[in-house]
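What follows is calculated from the coordinates using simple rules that are stated; it is not laboratory data. What you see is a predicted model, and the numbers here were worked out from it, not measured in a lab. Reconstructed Cβ throughout: ideal geometry from the backbone, glycine too, with neighbour counts over all protein chains shown.
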Amino acid sequence: MNPQVSVVISTYGRYAEIDSLFESLVSQNCKQDLFEVIIVDQNDQIDLLPLILKFDKKLNLIHYKADFKGLSKAKNIGIKLSKGDIITFSDDDCTFYNDTISSAITYFEQNPTVDVVYGRLYDRSRKKNVMREWSDKEIKLNKFNFHLNYSAVTCFTKLKNVHFDERFGVGAKIGLGEELDYVMQILNRNLVVKYTPAIHIWHPDLNVSIMPKEKVYNYAFGYGSVFRKNLDIKFIQIYIMSIGYQFLRLFFSLIVLNFTNANKMVLGIKGRVLGFLLFR
């Protein structure tokens, strides 16, 4: 019997985090044969074999040793290898709650017309959203409202004919933007995409205020590039609002004399504009 869910994990440079993620998958409250774990291992210095052997009998585990570096390519390999009807793409520093997979399965059983559902990043121990203020209500996503209601980490998809653009993502020429491009591809196909607050995944807090300047610029450049690739009047409105928001943050940073933050806002604006103009 094929599994219902394929958990695709692209990893590089992490060991303890993979151990924690595997432990969380072992602790799922559904039968182990309901899901498989596909780990696309891009390590060239860390040896994950001891972990693979540790969990080989506990999980339905597929270890793919890659000879390349690239997040999007690794995810696409995972899609190709997957046997599940549902695919999800976990970061290698995430953990699943014991009901994460069963909640996704239940959601699709109750909503058979949905093609893709996004859950939320949530810290149950602190009862706190992670990364953004996720809605407490279910939302049908469209080209206007998707922007604050998605994350590749919380994506559960039935689609095997939509792939990550390998020009984007860690290890590619444009180091970020693959998850934004993925959701835009789906919305461009007029598929049924939902957000639900009922599916939770844990992820470390992301503090943008301490993000290195280079990463701020690279993120913004990828952001602008993806919007250029997916030219659409509705998407362009979001792009323009994003730049406007960065100008607003720049203004307030200057008022309070926070020049470090102001400099990051300038980089955010510059990256968005150049990414859009230079993408081919």
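Assorted remarks:
- Under 13 Å from the Cα of Lys54 - aspartates and glutamates, other chains or at least 8 residues apart: Asp19, Glu23
- Percent RCO, i.e. relative contact order, over the stretch 106-262, from Cα pairs under 8 Å lying at least 6 residues apart: 29 percent
- Cross-link partners of Lys83 among aspartates and glutamates (Cα-Cα below 16 Å; sequence separation of 8 or more within a chain): Asp33, Glu36
- Which listed pairs, of Lys160/Lys213; Lys173/Lys264; Lys128/Lys264; Lys58/Lys194; Lys65/Lys127; Lys128/Lys160, have C-alpha distances above 30 Å, in listed order: Lys160/Lys213; Lys58/Lys194; Lys65/Lys127; Lys128/Lys160
- Between the listed residues Pro3, Ile18, Leu48, the Cα displaced farthest toward the positive end of the dipole of the stretch 2-49, a dipole computed from Cβ unit charges relative to the Cα centre, is found at Pro3.
- As a proxy for reagent exposure, Leu71, Leu141 were ordered by neighbouring Cβ count within 10 angstrom, fewest first; the result is Leu141, Leu71.
- Angstrom value of the Kirkwood radius, inverse mean 1/r, which spans all Cα pairs in the chain: 19.6 Å
- Length-normalised contact order of the stretch 154-245 in % [C-alpha pairs under 8 Å, at least 6 apart]: 29 percent
- What the Cα convex hull of the stretch 208-278 gives, in volume per residue, is 68 Å³.
- Taking trypsin sites (Lys or Arg not before Pro) across the stretch 155-235, the ones in a DSSP loop with at most 12 further Cβ atoms lying within 10 angstrom of their Cβ are Lys173, Arg189.
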